[in-house]
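Inspection log for the structure reproduced underneath, given as structure tokens.
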Amino acid sequence: MSSDWEDFFPVLDDIDFTGKTVAYFGVGDQTGYPDSFMDEIGILEEKISALGGKTVGSWPTDGYDFTESRGVRDGKFIGLALDEDNQGDLTESRIKTWSGQVKQAFGI
């Protein structure tokens, strides 16, 4: 987990996420960290789901090149996975498509 989350992560234990819907996104480097690409969204999702949160906004793993991720459930990322280092040209279209999904899940 990145250092900016280290202090905040334990605070999540004090939040009741029951009835809350959460969508995750992350930025990583699938080439530099192929065995932990998008782990942080998976770690966050595990904790928030355990605290009652409902997850929306899964994203396909197709088109990515990594070996392992805690951010994958049932063959999909649990949120939007962005890789500015290696696939920055896909970021805009991925955000557009994913945000449309998330808006629909939130009834917007």
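Here are the numbers for the structure shown:
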| item | result |
| --- | --- |
| Quarter of Cα convex hull surface for the chain, i.e. mean projection, nm² | 7.0 nm² |
| Beta bridges per DSSP with both ends in the chain, % antiparallel, nearest 5 | 40 percent |
| Cα centroid separation, the range 45-77 to the range 1-44 (Å) | 10 Å |
| Distance between modelled label sites at E46 and I108, nm, 7 Å Cα→Cβ extension | 2.9 nm |
| Amide hydrogen neighbours beyond the local backbone of I15, cut-off 5 Å, H modeled | none |
| J(HN,Hα) series, the range 42-57, from Karplus relation 6.51 cos²θ - 1.76 cosθ + 1.60, nearest Hz, glycine and proline x | x, 5, 4, 5, 4, 5, 5, 5, 5, 8, x, x, 9, 9, 10, x |
| Distant-in-sequence amide H partners of T21 (H built 1.01 Å from N, under 5 Å) | K54 |
| Whole-number percent relative contact order across the chain, with pairs defined as alpha carbons under 8 Å at least 6 apart | 30 percent |
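We did not get these values from a lab; they are worked out from the coordinates using the rules stated. The structure presented is a predicted model; accordingly, all values stated were derived computationally and were not measured. Cβ atoms come from the backbone with ideal geometry, glycine included; neighbour counts cover every protein chain shown.
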